[in-house]
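Below you'll find the structure, written out as structure tokens, and then a few comments.
The values are calculated or read from the model by the stated rules, or taken from the named source; none is laboratory data. Small disclaimer: the values here were computed from a predicted structure and weren't measured. Here the Cβ positions follow ideal geometry from the backbone for every residue, glycine too, while neighbour counts run over all protein chains shown. Surface accessibility is based on the protein's heavy atoms, side chains included, excluding ligands, DNA and RNA. Shrake-Rupley method; radii C 1.70, N 1.55, O 1.52, S 1.80 Å.
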Amino acid sequence: MTLPETPSSPATADRTFQVDLRGLVDLLSHHLYSSPRVYLRELLQNAVDALTARHALEPAAAQRFGIRVHADGKVVRVEDDGVGLTEADVHTFLATIGRSSKRAEKIAEQRADFIGQFGIGLLSCFLVADEIHVLSRSARTPDAPTVEWRGRGDGSYTVRTLPASARPRPGTTVTLTPRADAGEWTSPVQVQALARHFGSLLRHPVTFDDGTGGPGAPVNPEPAPWARTYPTPGARSRALAGYGEEVFGFTPLDTIELDLPAVGLKGIACVLPETVPAGRRHGHRVHVKGMLLSEQAEEILPDWAFFVRCVVDAESLRPTASRESLYEDDTLAAVRDALAERLRAWIARAAASDPELLGRFLQAHHLAVKSLAVHDDEILRMLLPWLPFETTDGHCTLDEFARTHRTVLVTSSVEEFRQVAAIASAAGLGVVNGGYTYDRELVHRLPEIRPEATVADLDPATLTAHLDPVDRETELAAAAYLAQARDALAVFECDVALRTFQPASAPALLVDSREARHERTRSQLAREQEGGLWGDILGALRQEAPRAQLILNQLNPLVRTAVTIGEPELARTSAEALYGQAAMLSRRPLRPAESSLINRSFLDLLAHALRKDS
């Protein structure tokens, strides 16, 4: 069946989108902009872009142009000496949401000369005011009239042409009458603070007037610290460090000057004086053409560079629509790589010429350097010998440790290191704790730097091979006790052996790898789920479960007494107690059954002692 065609069907008619300006302002305030305070940044940005366009028209007169911010508690006004707008510009650009005059600027040839890119910044003023009043006079026509535009929050606007005398000089004045609920952002003190916050590094002079009749206070009286001239390199270093302390609130361990001419980026990286948790990314202070873009720009540096905080000013980085973060593109990726190279160069320079600075840096940030060395062969070669590791000789550098131990053994976890550290040290084995982030991988790369060194993973067989066996008579005398001990600990799939090792104060050593415990747990789950689908899956993966080993120390007086116990129950209890003590010394998490065993064996031994005493 074919439906009859309807004449003048609305499906074929062209329509125009209707914009609810109040709804759009609400969208901006809650989703695009982080705070109503950005209204002043947008006004400053528009003024700077207007001055940039006028500079292209009148390069010789550019030094006379500036920006004036006024706030007296009744109005907020931003005035510039920029290129201004004609009446046609006002109708075209101020009355059309999303269109920017910068898109049609042939003066700049490319929008890259401007901070703003999206043409919606003026709408941010509706976050603090219900009406925006604009007076503008174009600098392109000698006797251009003044144009007045009034935009209101309900979406309506009016345009009037006024005599040139209404604004004697070319440029634009934007005036806001704040709402009563916007006083937090529009008081004179707050407006001045916001002007300094956003515009402290702007190239054009900005002044603030609080309406009291005094001279305007300069907002940006000095250029950026890296753009100034200093009498000596030391004075420059101190000035940059002082600026970093003023911005970030800490005294930098050192400051790294950043300069990437290809993208017009200058700034400093301040090395944090204290350790920061691995993986914590700090926000960096990024200016674009002098205007503060963000204080939390994480994307400017790679993840491993969490030991610095940066403040930079760039020409070629693109802001997002909200102008509160950076647009991820090839330019930003290239900048990130180049800044990472500057940090590598600083580390190399410290390693080569300033051991004291390097030592203080590594003391605070060795984990960050380890993360860098894992992926950077140059840093690995320079700094691996200097990096501290936990070893059986205490905390020392890998270079020092390798000189003492030609074969370096490394554990796969912290708990394994703690199990064997005392015994391995007494046996003369050189063991490095490889359980911390990056450590095991770095230790295995030691032969790349020290070819004479040998690195191997520590396994239970390596350790037990260095424990001395007892003589045959002693083994036979203890056989009955060892059998009872094995029976008592069979529930933990733990074997029991008698050896001699140092230190003699250690009664027992529990040798048990994480992989072995995982396999035993899997086997137990398979038995519990036998007959079900999950049990079949676990059963298909079944391997012969490796056993833990409780090694009793014949040199220990307590063990020599225990192996002579003839009473079966007391022998079992003493074996359980020795197992529990060795498990606790390993510092690994105890299973519920092990915690129960420790409590039970303690109470049983206490009861036996009390019975014997009575």
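Pairwise Cα distances in the stretch 160-309 exceed 24 Å in 49 percent of cases. Averaging the Cα positions of each part gives two centres, and for the stretch 214-232 and the stretch 165-210 these lie 20 Å apart.
Taking only the C-alpha atoms of the stretch 309-411, Rg followed by Dmax gives 18.3, 59 Å.
The distance linking the stretch 345-364 with the stretch 551-614 is 51 Å (Cα centroid to Cα centroid, whole angstrom).
The value of relative contact order for the stretch 359-423, using C-alpha pairs under 8 Å at least six residues apart, is 19 percent.
Our summary gives the stretch 133-258 a relative contact order of 14 percent, counting only alpha carbon pairs under 8 angstrom and 6 or more residues apart. Expressed as a whole percent, the accessible area of the stretch 566-608 that falls on carbon and sulfur atoms is 65 (1.4 Å probe). Here the peptides 591-601, 171-181 are ranked by packing, the mean other Cβ count within 10 Å, and the order with the highest first is 171-181, 591-601.
What translational diffusion coefficient, to the nearest whole µm²/s, does the stretch 122-236 have by Stokes-Einstein, given a Kirkwood radius computed over alpha-carbon pairs, a temperature of 37 °C and 0.692 mPa s viscosity? It diffuses with D of about 192 µm²/s by this estimate.
Averaging sequence separations of C-alpha pairs under 8 Å and six or more residues apart, then dividing by the length of the stretch 237-289, give the relative contact order as a whole percent. Could you put the intermediate results ahead of the total?
Numbers: 52 pairs, mean separation 14.2, N = 53.
Here the relative contact order equals 27 percent.
Taking the charge dipole of the stretch 401-510 about its Cα centre, with +1 at Lys and Arg Cβ atoms and -1 at Asp and Glu Cβ atoms, the residue from 510, 480, 402 reaching farthest to the positive side is 402. Rg and Dmax, both from the Cα atoms of the stretch 243-340 and both in Å, are 12.6, 36.
Find, among the chymotrypsin sites (Phe, Trp or Tyr not before Pro) in the stretch 209-310, those assigned to loop by DSSP (not H, G, I, E, B) with at most 16 other beta-carbon atoms within 10 angstrom.
Details: sites: 226, 243, 248, 250, 304, 306, 307; in loops: 250, 304, 306, 307.
Here the chymotrypsin sites (Phe, Trp or Tyr not before Pro) that fit, given the DSSP loop and packing criteria, are 250.
Quick one: ranking 449, 347 by accessible area, 1.4 Å probe, largest first, what do you get?
Numbers: 449 30, 347 0 Å².
Accessible-area ranking of 449, 347, largest first: 449, 347.
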